[in-house]
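*Asks:* Pasting in a structure now, in structure tokens, and then I'll have a few things to ask.
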Amino acid sequence: MAHSANTLDELKVLPTPKELERPLLVANGRSIGWISDQVAAIVEGKTPGWWWAAFIPSLLLLAMLGAMLLYQISTGVGVWGNNHPVMWGWDIINFVWWIGIGHAGTLISAILFLLRQRWRTAVNRASEAMTIFAVMCAGIYPALHVGRVWFDWWLFPVHNSNNLWPQFRSPLMWDVFAVSTYFTVSVLFWYMGLIPDLAVFRDRAKTKIRKFLYGLFALGWTGSNRHWSNYEKAYLILAGLSTPLVLSVHSIVSLDFAVSQLPGWHTTIFPPYFVAGAVFSGFGMVLTLLIPLRKVCHLEDLITMRHIDVMCKVTLATGSIVGYAYLMELFIAWYSGSPYERFAFLNRLGGPYAWGYWIMMGCNVIVPQLFWFRKVRENLWWVFVISILVNIGMWFERFVIIVISLHRDFLPANWGYFKPSWVDICTYLGTFGLFFTMFLLFMRFLPMIAVAEVKGVTPQADPHDPRGGAKEGGHH
Amino acid sequence: MSTHSDSLKVEPLDLSRWRDVPTILIFTGLVGAVLGLVLNVNQFAHSWLVAFMFFLSLGLGGMFLVLVHHLFDAGWSVPIRRFCEHLACLLFPWLAIFFVPIALLAPRLYGWMNVADPHTDHALHAKLPLFTKPAWYLVAALCFAAWWFFSSRLRHWSLEQDKTGAAECTFRMRRLAAIGVFVFAVTLTFAAIMWMKGMMHQWFSTMYGVYYFAGSAWLTLATVYLITMVLKRNGTLAAVLHEHQFYFLGSLLFAFTVFYAYIHFSQYFIIWNANMPEETFWYVIREQGSWFYVGLVLIFGHFFLPFLALLRIDLKLTFWWMVPICVWAWLMHYVDMAFNIKPSISPGGYPWMWAWLDLSCLALIGGVLARVFLKSFASHPPFPIKDPRLIEAMGHRHPVASPISGGEMDETDELADVGAEAGGGAR
């Protein structure tokens with residue numbers, strides 16, 4: 001080890017070259033006081049015109065959702081396009097799609113927290129909210145597709161009057177537990193993270209009603225050492241509990257398909273492939289939401305280009321994993337020698353729904369590869385368009401898995417062509433109404449950026465950082 | 001602060017008594033392997049393949065860590081990157097040389113190579129032209145060529161940066177990694193399919209490449225953790241290591257403990273639940289005789305034990321706790337490789353009477369690779385001395401405020417100066 005000794009003697013730590021310097025997570029040297037003011041301004045200021053312009057159509061779509069659900073409940077599942085041989089159609093596609101979108105929030109708040117990824121602080125709150133609202137949208141479908149919604153309670157392990165128990169061996173049953181647990185923990189995590197910021201809003205409130213409501217939900221937070229200590233411990237524990245949930249929910253959703261014997265569904269790679277796809281679509285939606293919001297809410301110094309850059313990279317990584325899974329499915333369909341497997345995949349590539357398969361491949365595998373280029377990652381228009389294409393591609397992934405696998409099964413006499421009904425389409429559009437209504441209300445009344453957490457990643461918060469510490473510590 | 005550091009001070013690790021271990025391994029291994037080859041060629045071929053796939057995991061895992069380091073522009077992993085590059089460079093020529101016996105004895109390992117007319121075997125016929133001898137050798141050649149190219153180029157630019165400190169080297173390595181990660185995924189998958197899954201060519205699973213990858217990454221992380229610990233304790237890397245290297249390695253080891261179990265359970269569960277004979281037979285064979293108990297060892301030893309052992313953050317930083325776990329990881333990965341490979345020659349259970357041959361092959365390959373690794377390590381700087389991210393890895397100007405922002409509560413105490421950091425971190 002003679003080399004080592006010489007090396008250590010000569011060791012001089014060089015400064016980071018300019019082209020490799022990491023941009024600050026809060027740009028333009030903003031003070032911690034500015035961070036509070038800027039985030040609070042969204043809630044405390046006058047309701048902007050753009051908010052109404054977004055809220056009113058969302059509310060109308062939500063009303064349409066209500067009407068569609070009422071119509072479906074009063075008439076029956078027959079109003080949907082589901083019919084032999086495609087007995088699972090848009091209901092399950094949209095369920096899986098929304099659940100997938102709900103994966104980025106908990107990944108950002110739990111897994112990236114445990115991995116000490118400090119950039120998460122600016123985007124975690126909005127992503128968690130997105131998760132909760134997406135899971136709400138998703139939850140509508142399984143509740144309704146049973147047909148007689150008044151029997152939904154049979155899904156829970158409650159002894160009913162016919163002496164029946166749920167089928168515990170069914171993945172649909174596991175979905176009930178997985179999704180409801182995920183929703184509960186996500187809400188808890190989200191709410192707990194909100195507490196210090198709600199206290200800030202309480203202290204800044206100018207009206208009695210605001211003071212009362214923010215104070216009520218701030219649970220008496222004073223910011224004492226004891227509060228912070230308990231808070232941080234709880235945060236760590238919740239992060240630990242949430243992490244397996246990020247994996248388990250979509251794994252169980254994948255088992256809805258994989259435990260069957262249907263070619264195109266029965267494949268061992270489904271659980272990790274679904275999880276990667278869910279994170280991929282979740283980040284797609286986070287980018288879709290945050291790119292316009294950072295502009296209209298003047299949050300460019302908090303959700304910086306560095307944040308966008310990192311999220312593009314996560315999208316690229318997960319998109320590539322999904323691409324690996326697509327290709328592996330194709331390869332093993334050939335490798336297996338099973339004529340049914342081979343047919344199922346040839347039917348995807350060149351059958352009546354081939355257009356759906358190629359949209360999926362284009363949007364999920366090819367388009368995200370543009371994120372390899374820094375210029376694309378730095379151009380918000382490109383990023384925004386690609387993020388929307390990711391959302392579209394992931395919807396088509398579920399379409400490919402469900403509709404294409406079902407529409408041509410083992411007996412050619414059974415083959416058919418699925419078309420959604422107008423109720424399918426309007427219900428799906430209606431879920432956007434629910435999602436955006438909830439999200440717009442959230443950003444108008446709650447801190448959409450985790451103020452306390454973002455302050456913790458500023459140079460001012462670090463006494464050893466030459467750019468901050470006590471020297472430039474902002475006023476508050 | 002001084003009290004805190006003093007309490008953590010330990011005697012530098014004396015490795016001199018271990019110096020001859022690789023040589024002993026090589027000679028005892030060589031004797032055993034030659035004897036095995038003479039006594040039973042088939043047994044030798046299988047024992048050799050298990051040992052080869054085990055060490056291939058290490059080379060590929062090293063390559064994976066280097067690739068993701070560049071792709072994610074990581075800072076913390078700079079001090080450990082150099083020896084990961086050496087691990088990756090074991091792939092060529094050394095592991096390629098160790099592949100020669102497999103190439104020569106392939107017909108004894110892969111039954112499909114002995115089928116006179118592949119058209120009479122549906123599973124084989126369906127895989128034409130991939131499952132032909134020329135294609136099999138071509139795949140092997142392409143895999144090693146790709147591994148040689150990427151491992152050597154990545155180390156080349158890393159060493160080049162030791163001279164100049166230029167950011168351009170970082171960008172070159174990043175570009176290599178961008179292409180390399182795709183090549184890595186494809187070659188690893190093909191290696192797992194052609195060299196392990198292909199032993200029972202009727203069987204198929206889309207998860208198999210991921211399965212081998214998960215185990216390989218787990219083994220490599222355990223090895224990297226162990227090497228980092230040793231290099232810190234003997235003073236080689238002490239000046240550039242910080243607590244977060246151990247935190248991240250420990251966390252990744254924990255994550256891959258779960259990931260491997262998740263992957264293996266998913267594969268097993270989906271096959272078991274569908275209950276289709278063309279898939280289940282692979283597991284049915286592995287439930288015969290003592291293979292059933294080997295399966296249980298994997299469930300408890302590969303998952304539950306390390307899972308529970310790695311749960312606590314403080315224990316993930318403790319030398320005496322982590323060393324046995326890392327050694328255990330080696331044992332478990334070996335058991336996993338044997339579980340995949342050996343039932344095709346010993347369907348009734350693990351062949352205990354040939355255990356000495358397994359150990360001999362392992363010792364021979366391991367001994368040679370250890371010598372090569374140590375030689376590479378000694379002849380180059382032990383870490384990338386002019387990497388622009390080194391300062392970040394060492395904890396200087398590493399802005400940490402609270403657990404919420406991504407640090408830990410008392411970390412600021414360790415950031416006072418370099419001297420204090422040298423003793424900080426893992427114990």
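*Asks:* Consider A:VAL259 against the criteria (1) of a type outside the set (Lys, Arg); (2) at pLDDT below 95; (3) under 19 Å from A:ARG342 (Cβ atoms): it satisfies all of them except one. Which criterion is unmet?
*Replies:* Failed condition: (3).
*Asks:* Could you list, in sequence order, all residues of the stretch B:245-286 that are over 17 Å from B:SER216 (Cα atoms), more than 9 Å from chain A (Cβ to nearest Cβ) and touching a residue at least 60 places away in the same chain (Cβ under 8 Å)?
*Replies:* B:GLN245, B:PHE246, B:PHE281, B:TRP282, B:ILE285
*Asks:* Take the residues of the stretch A:237-247 that are within 11 Å of chain B (Cβ to nearest Cβ) and in contact with a Phe, Trp or Tyr (Cβ under 8 Å, 6 or more places away or on another chain): which is surrounded by the fewest Cβ atoms within 10 Å (Cβ to Cβ)?
*Replies:* Taking the candidates together, the pick is A:ALA239.
Conditions (1) under 21 Å from B:HIS380 (Cα atoms); (2) more than 22 Å from the chain's Cα centre (by Cα), marked per residue:
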{"site": "B:PHE92", "(1), (2)": "yes, no"}
{"site": "B:MET113", "(1), (2)": "no, yes"}
{"site": "B:HIS119", "(1), (2)": "no, yes"}
{"site": "B:PHE131", "(1), (2)": "no, yes"}
{"site": "B:VAL139", "(1), (2)": "no, no"}
{"site": "B:ALA146", "(1), (2)": "no, no"}
{"site": "B:PHE149", "(1), (2)": "yes, no"}
{"site": "B:SER152", "(1), (2)": "yes, no"}
{"site": "B:ALA167", "(1), (2)": "yes, yes"}
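*Asks:* Test each condition in (1) buried (at least 24 other Cβ atoms within 10 Å of the Cβ); (2) within 13 Å of another protein chain (Cβ to nearest Cβ); (3) of a type in the set (Gly, Ala, Ser) for B:SER216 and report the one that comes out false.
*Replies:* Only one criterion in (1) buried (at least 24 other Cβ atoms within 10 Å of the Cβ); (2) within 13 Å of another protein chain (Cβ to nearest Cβ); (3) of a type in the set (Gly, Ala, Ser) is unmet by B:SER216, namely (2).
*Asks:* Scan the stretch A:433-447 and report the pairs whose first residue is free of Cβ contacts under 8 Å to residues at least 24 places away in the same chain and whose second residue is in a helix (DSSP H, G or I) and crowded, with 19+ Cβ neighbours inside 10 Å, with Cβ atoms within less than 6 Å and a gap of 6+ or a chain change.
*Replies:* Matching pairs, first to second residue: none at all.
*Asks:* Pairs under 6 Å by beta carbon, first residue more than 8 Å from chain A (Cβ to nearest Cβ) in the stretch B:363-386, partner surrounded by fewer than 17 Cβ atoms within 10 Å (Cβ to Cβ) and not hydroxyl-bearing (Ser, Thr, Tyr), six or more apart or different chains?
*Replies:* Every condition considered, the pairs that remain are B:LEU364/B:LEU30.
*Asks:* Further question: Please tell me if B:ARG155 is touching a Cys at 6+ places or on another chain (Cβ under 6 Å) and buried (at least 21 other Cβ atoms within 10 Å of the Cβ).
*Replies:* Criteria met by B:ARG155.
*Asks:* Considering the stretch B:318-338 alone, what residues qualify as being over 15 Å from the mean Cα position of the chain (by Cα), in a helix (DSSP H, G or I) and surrounded by fewer than 19 Cβ atoms within 10 Å (Cβ to Cβ)?
*Replies:* Matches in the stretch B:318-338: B:PHE319, B:TRP320, B:TRP321, B:VAL323, B:PRO324.
*Asks:* Assuming A:GLU329 fulfils every condition listed in (1) crowded, with 17+ Cβ neighbours inside 10 Å; (2) away from every other protein chain (no Cβ under 13 Å); (3) charged (D, E, K, R) apart from one, which condition is it?
*Replies:* That leaves (2) as the condition not met.
*Asks:* Here is a check on your reading of the model: is B:THR236 free of Cβ contacts under 8 Å to residues at least 24 places away in the same chain and facing another protein chain (nearest Cβ under 10 Å)?
*Replies:* The answer is no for B:THR236.
*Asks:* As an exercise: evaluate B:ILE179 against (1) surrounded by fewer than 20 Cβ atoms within 10 Å (Cβ to Cβ); (2) within 19 Å of A:MET328 (Cα to Cα); (3) under 19 Å from the mean Cα position of the chain (by Cα) and give the number of the one condition it does not meet.
*Replies:* The single condition B:ILE179 does not satisfy is (3).
*Asks:* Test A:ALA63 against the stated conditions and say whether it is away from chain B (no Cβ under 14 Å), of a type in the set (Gly, Ala, Ser) and touching a residue at least 60 places away in the same chain (Cβ under 8 Å).
*Replies:* Taking the combined requirement at face value, the residue satisfies it.
Conditions (1) more than 10 Å from chain B (Cβ to nearest Cβ); (2) modelled with pLDDT of 90 or more; (3) touching a helix residue (DSSP H, G or I) at 6+ places or on another chain (Cβ under 9 Å); (4) over 15 Å from A:LEU287 (Cα atoms), marked per residue:
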residue: A:GLY105; (1), (2), (3), (4): yes, no, yes, no
residue: A:TRP119; (1), (2), (3), (4): no, yes, yes, no
residue: A:GLU128; (1), (2), (3), (4): yes, yes, yes, no
residue: A:ILE140; (1), (2), (3), (4): yes, yes, yes, yes
residue: A:LEU144; (1), (2), (3), (4): yes, yes, yes, yes
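The values are calculated or read from the model by the stated rules, or taken from the named source; none is laboratory data. In this text the structure is predicted, and so the values were computed from the model without any measurement. When we count neighbours, we look across all protein chains shown, and the Cβ atoms used for this are built from the backbone with ideal geometry, even at glycine.
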